[in-house]
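A quick write-up on the structure given underneath.
The values are calculated or read from the model by the stated rules, or taken from the named source; none is laboratory data. Because the structure is predicted, anything quoted here is derived from the model rather than measured. Using ideal geometry, Cβ is built from the backbone for each residue, glycine included, and neighbour counts are taken over all protein chains shown. Heavy atoms of the whole protein, side chains included, go into the accessibility calculation; ligands, DNA and RNA do not. Shrake-Rupley method; radii C 1.70, N 1.55, O 1.52, S 1.80 Å.
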Amino acid sequence: MTDIRRTLLWVVFSMSLFLIWDAWNKHNGQPSFFSPTPAKVAAAGSAPGAAGLPVPSGTQTPASTTPLPGAAPAAAPVVAQQVTISTDLVKATLSSEGGTLTRLELLKYPDFVETPWYEPLVTLFRSGGKPPAAEKKDVVLFDESALRMYVAQTGLIPAAGGSGLPNHHTLMTLVAGEHSLQPGQNSLQVKFESPVVGGVKLVKTYTFKRGDYVIDVKNEVVNESTAPVTPRLYLQLVRDGVPPPGASTGYSTFTGAAIYDEASKFHKIEFKAIDKRGPNEKPDYPVEADNGWVAMVQHYFVSAWLIDKPGGVKQPREYYTGKSDVIDPATGAPVQVYSVGMFVPLGELAPGATKTFDARLFAGPQEENKLAALAPGLELVKDYGIFKILAEPLFWLLTQLHKILGNWGWSIVGLVVLLKIAFYWLNAKAYGSMAKMKAINPKITEMRERLKDKPQQMQQEMMRIYREEKINPLGGCLPIFVQMPFFISLYWVLLSTVEMRGAPWIGWITDLSVRDPYFILPLLMTLSSLLQTWLNPKPPDPVQARMMWFMPLIFSVMFFVFPAGLVLYWLTNNILSITQQYVINKRLGVLKK
């Protein structure tokens, strides 16, 4: 047993050294062992664009490596014009290359990047004990830079596919544009106009509204040729496969594409699934539909193209996903980006005719109630896992508590209290069974020592003692298993609720969505777990008894990287469980013994 304990201590010590070494590497700008090195993506303005034109019929876009210029050629290319606008919620940048939305900053959501555990101490030391004022940064959802690629694109393709019409590579002209939403003004517009390509001109108008993350995008298609044309409009979201900035390595959340229609419902599409699917392989999502939407999903935030109107005429469309490569001019290595989008047939346009198609682009937080009001099924991008049927009513109850208490931290505490009240008698039965087990523990230990060479007789004697004392050995386990789905569901509610982002609780907890900066909650969580172990009956087997003390320590390690809101939830649950267990043990006289 001494050897086993020594081995476990060496394992814990070695892992601690490794984690400290990994954290030090991240602090000095080196890649972490647990997360991939961020891939460089072609900078904005590189021509042509990162993603090739989509392929018709809903098939996967074949990978195409498009070389980007590394050095400026003799004849300088025409540089796309960038226009930046600001509203009360967002700061957006649009490029005249295709009229593409290349950057979107969410002004109401401060950005954060998890730092190593020693970062606060290093900062205090370097500043002479005075913490410097933190630089305010906001979440950047869309971005086209040297390190990231995430944009919203639209354009036209002929009915048979290919190019030849204005698309997201076409250099457009900024016709009109306002730069800032003024007081009393409820909306502002930015308009781009393409040259005539293939006899067709595309005019694209973005409308940003006060207090709204929905951007109206009007596409006007003008046939300036002498022959009829049959164009198709595509709307797509393109991004790299790198996890979003600030993503935690302590827990996993979904980053990828999503498609929804009423017939086949919600489909999450991982980037690795797009990688694995062959060019001629049928996708596992619907290709043709007359309703639904496409989206790019990441933790807390989502972007989605919406074209359905309440009570409107059904609009046929084709869904697609794809991937393509760009060449990084710095390294010459290909960088892969992924796309999800839809084709919309516009019908035949006679010479001189104009066709207008209105779409909406949502780009913002995953606020469940607001998403549900925008489009059927859009709230499903907020992932609750397999316990969705329990998670949704728990989230509703959490929001009702927040309306009363006004603080998300106290709302978490209140929700756990309500769950404990709901399961009070079930828990009482479990803790009563464990208390009786603890009371007869000396008798079991003496019997095991007396019959240690007679295992069969020992088992019979143990069952006799249980019958005489009217104890069910499984009585303490079953009620806990019944409650586990509820607490796992609550875990996913807290993990996926964007309202927790930036929400303070008390004192040092200024953001429930990030880890405790001083690890006070995880330490209290560890102590409460050890106290629970002491209150539980001691296993007769000495090896199991020692492992009962090791398990809380091992289990508590993960709580040092979990968001403070999740740790608060577990800590509250532990404290209430300890209180109830202590009362029952005292009532049965177990503590005196």
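Exceedance of the 22 Å cut-off in Cα-Cα distance is limited, within the set 218/282; 265/370; 204/309, to 218/282. Amide hydrogen proximity for residue 516: with H placed 1.01 Å from N in the peptide plane, the residues at 5 or more positions away or on another chain lying under 5 Å are 564. Derived scalar couplings between HN and Hα for segment 231-241 equal x, 10, 8, 10, 10, 9, 10, 10, 8, 7, x Hz in order, rounded to whole Hz, by the Karplus curve 6.51 cos²θ - 1.76 cosθ + 1.60 (θ = phi - 60°), x for Gly and Pro. Across 5 Å bins from the origin, how do the percents of Cα pairs in segment 274-418 run, short distances first? Pairs per bin, as whole percents: 2, 7, 12, 14, 15, 14, 11, 9, 8, 5, 3, 1, 0, 0. Computed from phi, the 3J(HN,Hα) profile of segment 89-98 under the Karplus parametrisation 6.51, -1.76, 1.60 (θ = phi - 60°) reads 10, 9, 10, 10, 10, 10, 9, 6, 6, x Hz, with x in place of Gly and Pro.
Packing-based ranking of 171-184, 149-162 yields 149-162, 171-184, ordered from highest to lowest mean Cβ neighbour count within 10 Å.
If we count every other residue with Cβ under 14 angstrom of residue 352's Cβ, Lys/Arg +1 and Asp/Glu -1, where does the sum land? Around residue 352, the surrounding residues sum to -1. For segment 280-433, the solvent-accessible area of protein heavy atoms averages 44 Å² per residue (probe radius 1.4 Å; ligands and nucleic acids excluded).
Within a straight-line Cα-Cα reach of under 16 Å, residue 314 can be paired with the following aspartates and glutamates, leaving aside sequence neighbours fewer than 8 residues apart in one chain: 261, 262, 288, 290, 358. When the accessible area of segment 376-424 is computed with all protein chains present and a 1.4 Å probe, what percentage of it is carbon and sulfur? The computed percentage sits at 72.
Under 5 Å between amide hydrogens, built in the peptide plane, is the criterion, and for residue 144 it picks out 150 among residues at least 5 positions away or on other chains. The figure for residue 402 is an accessible area of roughly 50 square angstrom, using a 1.4 Å probe on the protein chains alone. Solvent exposure of segment 135-278 amounts to 40 Å² per residue of accessible area, where only protein heavy atoms count and the probe is 1.4 Å.
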